[in-house]
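Coordinate-derived values only; no laboratory data. None of the values given here were measured: they were computed from a predicted structure. Cβ atoms come from the backbone with ideal geometry, glycine included; neighbour counts cover every protein chain shown.
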Amino acid sequence: MTSAALEGGVAAAPARRWSLSPRALLFAVLLAVVAFFVLYPLSFLVSASLQVGPYGQPTTFGLGNWISAFTDANLRNAIVNTLTLTATRQVIAFILSIGLAWLLARTNLPGRHWLEFGFWISFFLPTLPVLVGWIFLLDSHSGLINRAIIALGWASDPPFDIYSWWGIVFVHLMTNTLAVQVMLFTPAFRNIDSSLLEMARVAGCGSLGMLWRIILPVLAPTILVVVLLGTIRSLEAFEIELILGPPAKIAVFSTAIYSHVFDSPPTYGAAFALSIAGIALMAPFVAAQQMIARRRARATVAGKFSTRIADLGRWRWPLLTLVLLLLGAMTVLPVAFMLLGSFMEVFGYFDVPDGAFTFGHWASVLQDPLFLGSLWDTLVVAVSAAVLSMLLFPPIAYLVVRTRYLGRGTLDFLTWLPTTVPGIVIGLALLWVFLKTPGLQQVYGHPLGLVLAFTLAGMALGVQIIKAAIMQLSPELEEAAQAGGASWLTTMRKIVLPLVAPAVAVVGILEFVAATRGVSTAVLLSSHATQTLAVFQLKYIEAGDLETASVVGIVLLALSTGVALVGRLFGLRFGFGER
Amino acid sequence: MFARVCLWLTAAALAAAAAPAVAAPVSDADWQKIVAAAKQEGKIVISYFTDTGMEPVLRQFEKETGIKVEATPGRPDAVVPKILTEQQNGQYNWDLLLQPVNNVRLVLEPAHGLEPILPFLMRPDVDDDTQWYGGLTARVPMDPLYVFNDGISDLGVGIEVDRAKVPASEVADWPDLLKPQWKGKFGVYYPGRPADLTLALTCYRPAFDSEAKWEDYVRAFFAQQPVVSAEFRTVADWLVQGRFPVVVGAEGSYLDGLVKKLKRNIVGPINQNLCGYPPTGTGRAVSVPKNPPDRNATIVFINWYLSKEVQDMLVVNFTATGVKSISRRKDAAHPDPDYQQKVLAGFQEGWLQGKGMMTESDEGLRLQRRVIELARAAGY
């Protein structure tokens, strides 16, 4: 590892800030494209938030929407709930995921690669059926676990109530929050050079000292990205809060936006005002993250990279049991409930006199004339979005990390913004962009429109994953290649891309999954001619037919898992950057 | 192209000729021309509410006419802003809406995004004031009429009770829910959204001689701290699984299906229908977005949809999925004649006598919004 990499962050940036090199040209084009697709929809939101009056009718400019949004009596509580819920689940997930990532990446825990894959499966699971499964188990009146505990005499009253503040925290941890942190931390742990730890040990550092002085500083950029992504996702997430929140009178920021969109008549202006406020709230955090990441970036993969595995000794099997129990709760349990639900006459009711089980839901999905078309559209959209992301995000990440062009910070910043806006709002803004922009009108209602929307929605996560992988590569690898006479393109092709290829492939898989599952963004951009399975599933969910929706959920899960499994069988380690 | 333009002009001329509020029926020869033009168009683009009962009907239309139905299921709160945004950017992609009326009326109608509906009714058996209970307009306060309500609803929303646990002497109507013993002990649908709970409370307004007294009741109702869920299915599950023996605003179709399957003694809505059985859709109400691209196919579909045979089919399909309504067509049947008679009597003695209230009317919507405001003030 170069001393520059250790002390000064990422080096090897060109001295000139702008030139007509292919790299500069590429940067300019990418900045222009990303700026157009991010800022143009946002300009619609800003403009629409200042137009006072019913949507679609003559309006006047003013602050009426902002005033009505921010004088809502319940908004203060919603903001407090959002902050406390977010902080609580992020702290719990952070502590657990650091431990889990270390176990999976740096120890001899049996079957650790497959266990890591299990967290990916958990991430792929659709939220709603999983939530219904947990309600089935933890409802304070009829939850199976509560009933079992009372039947066993361990308690006289139901000990758990999923419709509560802690219920919301728990379901978030079990669905996405913990899984995504483990997914992102594990490869970062894996890429810590063992020689750093050994040097620290020789210098007399204890375990805590190593954690404080070596591991945390090395992981700082990844930690910041993970915490920021988690916080943004928490601000945007609403499905769980929408169902578990009302019985406990818990509203959050995202459900406040949702209420405005689905109010009657809808008050879009207020929803847009809150969305912009959300962006404004997150912007300083994104900027701070960029600044800290730039200062503290540490390359860990250099010419002499080495990784050693810690021996867990007698703790090996007890720790495996704990991880298996956790993973079982996060994957096996929800999948089992989804499967069970798809064969039940009514999900959760075993006492139906005429029979509790049926194949009817499967028959109704498989015989639906829209099913096969939706399946095909899903494959087209998801594969295309994955490919586009794999082509678009690596150059963005590389240019942000490895160059010092004016505007690289802006490019990085722009990639975050779409994530901070709720899907239904960004869907409406994109709809407006597609319809307003000559040349893009043909894209509306076409699979390409959905591909663009999903690529945009997945940009923050995708770019950050590839950025993290590039930041861990020491510039000495590229310097060595260029000193040997290789051109920049050859260096990219033969050195950088092979090393970050696993990360790029992971981004492709994540994008595939996001495109198969995405509903709120897609629902406004779909048409009869182009409809993904997730939108097809929506009609069952909205009709309250969770049993049939579970059938579609299983098909979606099979698609996501299938792609991930194929990736794994072809040698892709779900710890990008693993060697 | 020329032929297509000619056909369109023919149909437009026919529609224009039928422009008065109540159109003159079209002759057989002219009807055949419209059908031919519709077949030339070859398709109709429909947005329908996410009811499984509608899908067989749409397939039947394809089968009978050879005109392809490009149907997209979806809730009006997502579809309506999409259609309006398209229209305002010069794109007219939709021919027909088979949707609940709220968002159509609140968003599309004031933005001039709908076509008057009556000119689309052309067949003699359809465009006949005497063929429909309440006539073509059914006293719907809208001029011109943009939404055709082909059915009558009994507004199957309100208080649902597990009679195995709560006898009629304990809970029989709205005032009983204010008794101290029910504080925090009944479940309701989320009052932040105009849906079953706001509808039910709005329909209780006629019981009071002033709005202030009704508001006092609504305040007292929320002061009872009912437990809310934003999932109508959960509200029904609470009742059936026994978490709460009384709920308000459980969506009828799921609850009805559940009660039938489980053979439980759950009854409701037990409260009196004070909305007077207003007109609504059998499946959903019919409206036409501005400038439908397949105008002739739209005319053919609407007249087919409002025929006796299809109204019969709709009622059977929707009754099977738990949607409670009857057709306004006088010659249409219903699988449960007693129920049909009850709803018809309510319609004729209530709504048509000016006693009821349409929850989609300006007044109904204003009261629903007031319920939402009062719920918010109570912390919901």
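Data for the structure
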quantity: Taking the C-alpha atoms of segment A:153-244, convex hull volume expressed per residue in Å³; calculated: 146 Å³
quantity: Partners for A:Lys249 among lysines (Cα-Cα distance below 18 Å; same-chain residues under 8 apart left out); calculated: B:Lys183, B:Lys185
quantity: Reachable lysines from B:Lys63, criterion Cα separation under 17 angstrom, eight or more residues apart if same chain; calculated: B:Lys39, B:Lys43
quantity: Length-normalised contact order of chain B in % [C-alpha pairs under 8 Å, at least 6 apart]; calculated: 26 percent
quantity: Over chain A, relative contact order from alpha-carbon pairs under 8 Å, at least 6 apart, %; calculated: 23 percent
quantity: Listed residues B:Phe49, B:Phe318, B:Phe208, most fluctuating in chain B (Gaussian network, C-alpha, under 10 Å); calculated: B:Phe208
quantity: Cα gyration tensor shape of chain A, rounded if a/c is under 1.5, else prolate or oblate by comparing a/b with b/c; calculated: oblate
quantity: Shape category assigned to chain B from the gyration tensor of Cα positions, a/c cut at 1.5; calculated: prolate
quantity: Alpha-carbon Debye profile of segment B:114-233, log10 I(q)/I(0) at 0.12, 0.13, 0.22 Å⁻¹; calculated: -0.64, -0.71, -1.28
quantity: Ellipticity estimate at 222 nm from DSSP helix runs (n ≥ 4, -39,500 (n - 2.57)) divided over chain B, nearest 500; calculated: -12000 deg cm²/dmol
quantity: Relative counts (whole %) of C-alpha pair distances in segment A:233-282, using bins that are 10 Å wide; calculated: 26, 52, 22, 0
quantity: Hits among aspartates and glutamates - C-alpha to C-alpha of B:Lys342 under 12 Å, sequence gap 8 or more where chains match; calculated: B:Asp154
quantity: Gyration tensor verdict on segment B:15-124 (Cα atoms; rounded if a/c is under 1.5, prolate if a/b is larger than b/c, oblate otherwise); calculated: oblate
quantity: Per-residue average of Cβ from other chains inside 10 Å of B:226-232; calculated: 6
quantity: Within chain A, helix-based [θ] at 222 nm, where runs of 4 or more DSSP H residues each add -39,500 (n - 2.57), nearest 500; calculated: -21500 deg cm²/dmol
quantity: Exceeding the 30 Å Cα-Cα cut-off - candidates B:Lys33/B:Lys82; A:Lys467/A:Lys494; B:Lys261/B:Lys330; calculated: B:Lys33/B:Lys82; B:Lys261/B:Lys330
